[in-house]
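The values are calculated or read from the model by the stated rules, or taken from the named source; none is laboratory data. Note that this is a predicted model, so its numbers are computed, not measured. All Cβ positions, even for glycine, are placed from backbone atoms using ideal geometry, and neighbour counts span all protein chains on display. Side chains included, ligands, DNA and RNA excluded: accessible areas come from the protein's heavy atoms. Shrake-Rupley method; radii C 1.70, N 1.55, O 1.52, S 1.80 Å.
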Amino acid sequence: MLVCGVVQGVGFRPFVYRLATEEGLAGLIGNDTDGVTIEVEGPAERIDSFLVRLRSETPPLARIDSVAVRDLAATGETGFRIVASEVLGRVSTGIPADAATCADCLRELLDPADRRFRYPFLNCTNCGPRFTITRRIPYDRPQTSMAKFPMCADCQREYDDPLNRRFHAQPNACWVCGPRVWLVKVEENPRSVTGHDFSRAENALNSTRALAPEEKPGFVTGHDFSRAENALNSTRALAPEGCSLPGRADGERTLETPECLTNHERPDAIDQAIDMLLAGRIMAIKGIGGFHLSVDATNEAAVMRLRERKHRYGKPLAVMVRDVEAARKICELTVEEESLLTTAARPIVLARARQGNGIATGVAPGIPWLGIFLPYAPLQHLIFADARVHALVMTSANLSEEPIAIDNDEAQARLGGIADAFLMHDREILQRCDDSVAAVVDGAPQLIRRARGFVPLGVELPFEALPLLAVGGHLKNVFALARGRFAYQSQHLGDLENLTGLEFFKESLAHLMRTFEIEPEAIVHDLHPGYLSTSWAREWATERGLQLIAVQHHHAHVAGCMAEHGLTGPVIGLALDGTGYGTDGKIWGGEVLLARLDGFERFAYLEYVALPGGEAAIREPWRMALGHLNAAGFDVTSGEALGLLGATEQEARVLRRAVQRGVNAPLTSSLGRLFDAVAAVVLGRRVVDYEAQAAIELEGVAVDEPDDEPGYAMQWREGNWALREPSRLRAAPLWNALVEDLRAGVSKARISARFHAGVAEGFVQAAVLARAASGTSQVALSGGCMHNRRLARLLRAKLEAQGFAVYQHKNVSPGDGGLSYGQTVVGAAILRNPK
Ligand SMILES: [Zn+2]
Ligand SMILES: [Zn+2]
């Protein structure tokens, strides 16, 4: 039988071995190209029982998608064997996602009697790094960054024993043979660089050499020295610049020589790191997919120092806590949120923060939620094993939107101006991978950022696809490769705005193409001619002579949602979003589409409003508010309007003139921008520090308002669908009612709730009109605005009340992080039904 799904590198073969042995069956199991092949022989009822248990007792990280059973002639096998991939004549492909330390390993980690007591890299077939340490397929130790650590006899025995839970656990390691942790401090005081540091480093190296053999004979496997030498070299590499690190005005900072190597008897590095954290210092801690910058999350001053050094002011920071119990103390968690927190992927979960939870207010200013997650690497568990550690900020170690740092030297060079010390190790990270971010929206888990723990797991496609590449969008880029019934999305790559971003994109693409042996035959890109991803796609297609397919942004969003539910259309697609290039060259984002997988018609949209200043209006929501108030008939230079906008008369006049003349004031139907505009007026949020901040705060202020608040009415200008003329939803009446409420002193919370309800009701009316025109009552919800819990909840409830079947994303983000999945679907559908 052929078993497909996530069945390689997740303890599946030992599981089958045990199962077959228990059922008294003979035969074999081996990895296959698309899964595992199992041959069993024995009594029929035993085989039936085997098949049932195969599905009911599947190991935690494994996922069975299909089991294809075929009768074979009995061969008279006597025992059950696990065979090497080559025996079946096919190579295995696929790399599992990284998984959090399992309960068994955690027990060993904290058991003084265990040989891996406090070992920061323990793992087994049920847990540990996978994707981030793998260079190429097949997923075998020599192809991972564990290649340079030959296993000791004990580890090798576990690795070779089919009944051991470390059987073929590729990153298997222990104190004797595996990677180590050490600490490098950045000193505040200037010190001379005239060879003094070198000799200290050399002394440290010599003392390592001198000590190691006596301390533990097993240490002297050669790699200890090369590690120390590497560390020394990295110190050297930085030293010529005078050891003064860039980006700091408050005095020289020098990298101290590597010290405090952690080993079994002296877990100094971790203890010192903990002491520094508790003293309010900033630590760079090497993790699974990259470095984190960490501070004590209960220390207001430390959090502010981190923000200043990282130049990141408003954007919420993620907080790691020991376990679910600790998480419950700082957040109000639902059952769904708790199960999301504890999945093997261990995403950051956005949950409602408790009042007075002790977390510094600078961690997530202005919003009622906190991004929390649990330790997923043994090193993190060891830090939290110290009872004094309660909550740590753990944020991706980068400056603004740069890719996360992964390499020791790179981290020291890039983060030297931020971190006070580096807790490093010598297991190389080969794939950058940020933490994933998720939330429970309307009772169901929703991915906001798909990265560690989810990459490179495939997302199913509704039909077989030709090999193709979908390059994604502009912000929060994620690309996707399709082959057969699956689309493999890359990790979150950040904004594709510059060469650093593009390099990360190319590096990840090359890796995933190797990993899945996919040679694209077509490339799908966004319709926007100015995106870096678009120009790159064009060049690549020309170079390789590939077919190029442009897909409209919101069609991709809606098609992605359809494909997740196996819908082929037509459906009513509500694409409620920030920015996407439209087929008329305008900026779309409040769209009602009649969509099929391979095409769409625009049934209705939010009436166009000028975006004064173009891109600048995204960073400065007051500009968008001016555009909306002006369109709603307000005199934007009146005293009241200036008060609402927080603008001077001069500013308002300049922008109004730009809008009137259509100069640098592109037209947009974006719902995201309407949220921005309302937040600017209601909350006085004139400028934002991060994308969607205004909209998130507007949702946040209404968090305790009931859902049944009646909405501000919007107004439909019905088109003539027989002539394919779209209807338009006008926001003007909404603005009039909203300003009335502000005048009457209605609370911000209530105004926000009424606004959310009004938007939902407006689009539900659109769906009613679309149903009358098209006959379909299936509605697919997508776009970045679907991250808004209140809006998602209200839309579903109000649509269902009108008799619609409502579909939302499941495994793919509704925002731009999910765009490439939708592009894949549209591209594959077009290639399948060429016009
Ligand atoms: Zn484990
Ligand atoms: Zn070992």
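Here's the yes/no breakdown for (1) under 21 Å from the mean Cα position of the chain (by Cα); (2) touching a residue at least 40 places away in the same chain (Cβ under 8 Å):
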position: ILE274; (1), (2): no, yes
position: MET283; (1), (2): no, yes
position: LEU293; (1), (2): yes, yes
position: ALA301; (1), (2): no, no
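GLU252: at pLDDT below 95, in contact with a Ser or Thr (Cβ under 6 Å, 6 or more places away or on another chain) and either open to solvent by 50 Å² or more (accessible area, probe 1.4 Å) or β-branched (Val, Ile, Thr) (or both), yes or no?
It is true that GLU252 is at pLDDT below 95, in contact with a Ser or Thr (Cβ under 6 Å, 6 or more places away or on another chain) and either open to solvent by 50 Å² or more (accessible area, probe 1.4 Å) or β-branched (Val, Ile, Thr) (or both).
Would you say GLY573 is of a type outside the set (S, T, N, Q), at pLDDT below 95, part of a strand (DSSP E or B) and closer than 30 Å to ARG685 by Cβ?
It is false that GLY573 is of a type outside the set (S, T, N, Q), at pLDDT below 95, part of a strand (DSSP E or B) and closer than 30 Å to ARG685 by Cβ.
Quick test for you: out of GLY582, GLY573, GLY590, pick the one residue that is farther than 21 Å from ARG771 by Cβ and in contact (Cβ under 8 Å) with a residue 60 or more places away in the chain.
Answer to the selection: GLY582.
Do you know which of the residues in region 175-188 that are part of a loop (DSSP other than H, G, I, E, B) and crowded, with 21+ Cβ neighbours inside 10 Å is nearest to ligand 1 (Cβ to nearest atom)? Steps first, answer last, please.
Just the residues of region 175-188 that are part of a loop (DSSP other than H, G, I, E, B), to begin with: 175-180, 188.
Keeping just the survivors that are crowded, with 21+ Cβ neighbours inside 10 Å gives 175, 178, 180.
On the way: TRP175: 16, GLY178: 14, ARG180: 20 Å.
So the residue we want is GLY178.
Output the residue which, of all residues in region 357-407 that are within 17 Å of the chain's Cα centre (by Cα) and among the acidic types (Asp, Glu), is surrounded by the fewest Cβ atoms within 10 Å (Cβ to Cβ).
Checked region 357-407; the qualifying residue surrounded by the fewest Cβ atoms within 10 Å (Cβ to Cβ) is GLU402.
Those residues that are within 13 Å of ILE95 (Cα to Cα), open to solvent by less than 20 Å² (accessible area, probe 1.4 Å) and either assigned to a helix (DSSP H, G or I) or of a type in the set (S, T, N, Q) (or both), I need them from region 9-42; list them, please.
ASN31
Exactly one of these conditions fails for THR132: (1) of a type in the set (Val, Ile, Thr); (2) assigned to a loop (DSSP other than H, G, I, E, B); (3) under 13 Å from ILE288 (Cβ atoms). Give me its number.
All conditions are met except number (2).
I'd like to check something: does region 521-535 contain any residue that is over 19 Å from GLY818 (Cβ atoms), part of a helix (DSSP H, G or I), of a type in the set (Ser, Thr, Tyr) and open to solvent by 60 Å² or more (accessible area, probe 1.4 Å)?
The answer is no; no qualifying residue exists.
Mind checking which strands (runs of 3 or more DSSP E) fall wholly inside region 370-478 and carry at least 2 residues that are closer than 30 Å to LYS329 by Cα?
Those strands (runs of 3 or more DSSP E) span 391-396, 421-425, 437-441, 444-449.
Would you mention how many residues in region 793-820 are assigned to a helix (DSSP H, G or I) and farther than 24 Å from ALA550 by Cα?
Keep residues of region 793-820 that are assigned to a helix (DSSP H, G or I), which gives 793-801, 816-820.
Cutting the leftovers down to farther than 24 Å from ALA550 by Cα gives us 793-801.
So the answer is 9.
Could you check how many residues of region 287-317 are open to solvent by 10 Å² or more (accessible area, probe 1.4 Å) and not in a loop (DSSP other than H, G, I, E, B)?
Residues meeting the conditions: 7.
Run ALA722 past the list (1) part of a helix (DSSP H, G or I); (2) of a type in the set (A, V, I, L, M, F, W, C); (3) modelled with pLDDT of 95 or more and report the number of the one that doesn't hold.
(3)
With region 603-664 as the region, which helices (runs of 4 or more DSSP H) entirely inside it contain at least 3 residues that are open to solvent by less than 30 Å² (accessible area, probe 1.4 Å), at pLDDT 95 or above and closer than 17 Å to VAL688 by Cβ?
Qualifying helices (runs of 4 or more DSSP H): 621-631.
Does at least one position in region 505-518 carry a residue that is of a type in the set (D, E, K, R), surrounded by fewer than 21 Cβ atoms within 10 Å (Cβ to Cβ) and under 28 Å from SER669 (Cβ atoms)?
no
Being of a type in the set (Ser, Thr, Tyr), under 30 Å from LEU594 (Cβ atoms) and at pLDDT 95 or above is true for just one of SER727, SER747, SER752. Which residue is that?
Within the list SER727, SER747, SER752, the selection yields SER727.
Going by the structure shown, is PRO60 surrounded by fewer than 20 Cβ atoms within 10 Å (Cβ to Cβ) and either in contact with a Pro (Cβ under 8 Å, 6 or more places away or on another chain) or in contact (Cβ under 8 Å) with a residue 60 or more places away in the chain (or both)?
Here the answer is yes, as PRO60 does meet what is asked.
Sort out which residues of region 63-81 are in a strand (DSSP E or B) and either among the hydrophobic types (A, V, I, L, M, F, W, C) or open to solvent by 60 Å² or more (accessible area, probe 1.4 Å) (or both), and write them in order of number.
Taking region 63-81 as the starting set, the residues that turn out to be in a strand (DSSP E or B) are 63-68, 80-81.
The answer is ARG63, ILE64, ASP65, VAL67, ALA68, PHE80, ARG81.
Take the conditions without any contact (Cβ under 8 Å) to a residue 60 or more places away in the chain and within 16 Å of ligand 2 (Cβ to nearest atom) and apply them to GLY76. Does it pass? Before you say what the answer is, go through the steps one by one.
Details: without any contact (Cβ under 8 Å) to a residue 60 or more places away in the chain: yes; within 16 Å of ligand 2 (Cβ to nearest atom): no.
No.
Restricting the first residue to region 512-539 and requiring it to be of a type in the set (S, T, N, Q), which pairs with a second residue that is surrounded by fewer than 21 Cβ atoms within 10 Å (Cβ to Cβ) and part of a helix (DSSP H, G or I) meet a Cβ separation below 9 Å and a spacing of at least six or different chains?
Final answer for the pair search is SER533/LEU502.
Does region 160-169 hold any residues that are in contact with a helix residue (DSSP H, G or I) (Cβ under 6 Å, 6 or more places away or on another chain) and more than 13 Å from ligand 1 (Cβ to nearest atom), and which are they?
PRO162
Is it the case that some residue within region 764-776 is within 26 Å of GLU564 (Cα to Cα), among the polar types (S, T, N, Q) and in a loop (DSSP other than H, G, I, E, B)?
The answer is yes; a qualifying residue exists.
Restricting region 96-139 to residues that are among the polar types (S, T, N, Q) and away from ligand 2 (no atom under 16 Å from the Cβ), which is surrounded by the fewest Cβ atoms within 10 Å (Cβ to Cβ)?
For region 96-139, the residue satisfying everything is ASN126.
Look through LEU729, LEU674, LEU734 and report the one residue that is aliphatic (A, V, I, L, M), open to solvent by less than 20 Å² (accessible area, probe 1.4 Å) and in a strand (DSSP E or B).
Working: LEU674 fails: in a strand (DSSP E or B); LEU734 fails: in a strand (DSSP E or B).
It is LEU729.
Across region 667-687, which residue is farthest from the chain's Cα centre (by Cα) among those that are modelled with pLDDT of 95 or more and more than 18 Å from LEU742 (Cα to Cα)?
Residue satisfying both the conditions and the ranking: LEU667.
What residue, of PHE167, PHE149, is of a type in the set (A, V, I, L, M, F, W, C) and either modelled with pLDDT of 95 or more or within 12 Å of ligand 2 (Cβ to nearest atom) (or both)? Talk me through it step by step, then tell me what you get.
Values: PHE167 fails: either modelled with pLDDT of 95 or more or within 12 Å of ligand 2 (Cβ to nearest atom) (or both).
After ruling out the rest, the residue left standing is PHE149.
Determine if region 480-503 includes at least one residue that is buried (at least 22 other Cβ atoms within 10 Å of the Cβ), at pLDDT 95 or above and closer than 27 Å to LEU795 by Cα.
no
Yes/no per residue for (1) modelled with pLDDT of 85 or more; (2) within 16 Å of ligand 1 (Cβ to nearest atom):
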residue	(1), (2)
GLY35	no, no
GLU41	yes, no
ILE47	yes, no
SER56	yes, no
ALA100	yes, yes
ARG107	yes, yes
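Just for region 322-344: of the residues that are within 19 Å of the chain's Cα centre (by Cα) and within 25 Å of LEU277 (Cβ to Cβ), which one is surrounded by the most Cβ atoms within 10 Å (Cβ to Cβ)?
LEU341
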